[in-house]
Amino acid sequence: MNIDLKGKRILVTGASRGLGYSIATHLLDAGARVALHYNRSREGVEQIHSRYPSQAVMVGADLSDLKSTEALFRNAVEELGGLDVLVNNAGMVLTMPPDMDTDAWSEAWELTMNVNLRAPALLSRMAVNHFVANGGGRIVMMASRAAFRGDTEDYMEYAASKGGLVSYTRSIARAFGKKGVKAFLIAPGFVRTDMAKEAIELYGEDYVVGGIALDRLTEPDDVSPTVVLLASGLADHATGCTIDINAGSYVH
Ligand SMILES: NC(=O)c1ccc[n+]([C@@H]2O[C@H](COP(=O)([O-])OP(=O)(O)OC[C@H]3O[C@@H](n4cnc5c(N)ncnc54)[C@H](OP(=O)(O)O)[C@@H]3O)[C@@H](O)[C@H]2O)c1
């Protein structure tokens with residue numbers, strides 16, 4: 001089966017590094033036109049753009065900022081001349097130990113929730129309105145295994161932000177399915193990116209591989225083909241679902 005995404009206009013948040021970089025590249029390879037979102041790492045999206053100059057556009061935004069997030073959606077739609085798929089991939093994690101003082105905890109909580117939950121929720125709201133008015137569309141949310149099994153004591157707030165995404169995405173699938181909007185979740189385990197680097201170094205790669213059913217760590221390219229499939233429409237009857245991509249850690 002060859003998946004052809006020609007004619008599809010897609011916004012990928014956090015396309016500058018890690019999972020988003022790989023996802024954007026796979027979508028472009030399949031023929032889509034892609035708005036590559038970045039915040040601090042513009043060079044990442046410039047690299048992709050130089051390889052696909054006629055298919056890709058670059059859009060910057062700080063997702064901790066409400067107005068910047070709103071402008072991102074408008075700019076992407078304007079640059080692409082519409083939107084068919086939104087991939088809410090960007091995210092961040094902060095170490096928040098249980099003995100953190102309340103002011104520092106509150107500040108870190110707000111930032112985590114703004115980037116990991118408020119921004120994808122706002123982009124999704126705008127996308128839903130756009131899709132309903134323009135014949136439908138799809139949303140892919142990057143959640144995490146942490147939303148389902150929880151996380152360790154330093155990362156409980158990260159897990160909570162991803163848990164919020166799960167119910168928000170299911171609600172979109174439920175409320176707007178008959179109006180042509182499909183919404184899916186992907187829940188990766190450890191994936192080798194900058195985000196997971198610290199944890200992989202802390203626990204050691206052997207320990208992490210010991211917790212999965214396969215013989216190597218998940219790479220971003222192990223996740224991206226699923227996004228291509230979901231964006232294509234071939235999996236629309238899976239709307240509302242979560243796809244666990246964690247190298248079999250649940251069955252190990
Ligand atoms: N890696 C894992 O093990 C793992 C597991 C489960 C889920 N996930 C999820 O997968 C997604 C991608 O993670 P990753 O591992 O690829 O992380 P990463 O390598 O750290 O990349 C994070 C991306 O998010 C963007 N970003 C972060 N803060 C932002 C902000 N304030 N405004 C705008 N963009 C911001 C970054 O943009 P700039 O660099 O341009 O600032 C970057 O493109 C995240 O939602 C993460 O929670 C990752």
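Just so it is clear, none of the values below were taken in a lab; they were calculated from the coordinates. These numbers were taken from a predicted model, which means no experiment stands behind them. Note that each Cβ is placed from the backbone with ideal geometry, even for glycine, and that neighbours are counted across all protein chains shown.
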* Structure fact -> Going through the range 129-147 in order, the residues found to be in a helix (DSSP H, G or I), touching a residue at least 40 places away in the same chain (Cβ under 8 Å) and surrounded by fewer than 20 Cβ atoms within 10 Å (Cβ to Cβ) are His130, Val132
* Structure fact -> The lone condition Val87 fails out of (1) surrounded by fewer than 22 Cβ atoms within 10 Å (Cβ to Cβ); (2) closer than 29 Å to Ala160 by Cβ is (1)
* Out of all the residues in the range 200-217, is one or more among the acidic types (Asp, Glu), farther than 22 Å from Leu86 by Cα and in contact with a Ser or Thr (Cβ under 9 Å, 6 or more places away or on another chain)? -> no
* To do: Scan the range 5-26 residue by residue and report those that are more than 14 Å from the ligand (Cβ to nearest atom) and either more than 14 Å from Ile139 (Cα to Cα) or not hydrophobic (A, V, I, L, M, F, W, C) (or both).
  => Leu5, Lys6, Gly7, Lys8, Arg9
* Asked: All but one of (1) away from the ligand (no atom under 12 Å from the Cβ); (2) more than 27 Å from Asp65 (Cβ to Cβ) hold for Arg192; which doesn't?
  -> (1)
* Output the qualifying pairs, or none if there are none: Cβ atoms under 6 angstrom, residues six or more apart or on different chains, first residue in the range 52-65 and closer than 25 Å to Asn114 by Cα and within 11 Å of the ligand (Cβ to nearest atom), second residue part of a loop (DSSP other than H, G, I, E, B) and not charged (D, E, K, R). => Asp62/Asn39; Leu63/Ala90
* Asked: Hey, any hits in the range 96-116 for a residue that's of a type in the set (A, V, I, L, M, F, W, C) and closer than 22 Å to Phe176 by Cα?
  -> no
* Output the number of residues of the range 148-167 satisfying the condition of being exposed (fewer than 13 other Cβ atoms within 10 Å of the Cβ) and among the aliphatic types (A, V, I, L, M). => 0
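Listed here are the residues, each with its yes/no results for (1) touching a Gly at 6+ places or on another chain (Cβ under 6 Å); (2) among the hydroxyl-bearing types (Ser, Thr, Tyr); (3) surrounded by 19 or more Cβ atoms within 10 Å (Cβ to Cβ); (4) in a helix (DSSP H, G or I).
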{"site": "Thr169", "(1), (2), (3), (4)": "no, yes, yes, yes"}
{"site": "Lys178", "(1), (2), (3), (4)": "no, no, no, yes"}
{"site": "Lys182", "(1), (2), (3), (4)": "no, no, yes, no"}
{"site": "Glu201", "(1), (2), (3), (4)": "no, no, no, yes"}
{"site": "Asp206", "(1), (2), (3), (4)": "no, no, no, yes"}
{"site": "Ala213", "(1), (2), (3), (4)": "yes, no, no, no"}
{"site": "Arg216", "(1), (2), (3), (4)": "no, no, no, no"}
{"site": "Pro225", "(1), (2), (3), (4)": "no, no, no, yes"}
{"site": "Leu230", "(1), (2), (3), (4)": "no, no, yes, yes"}
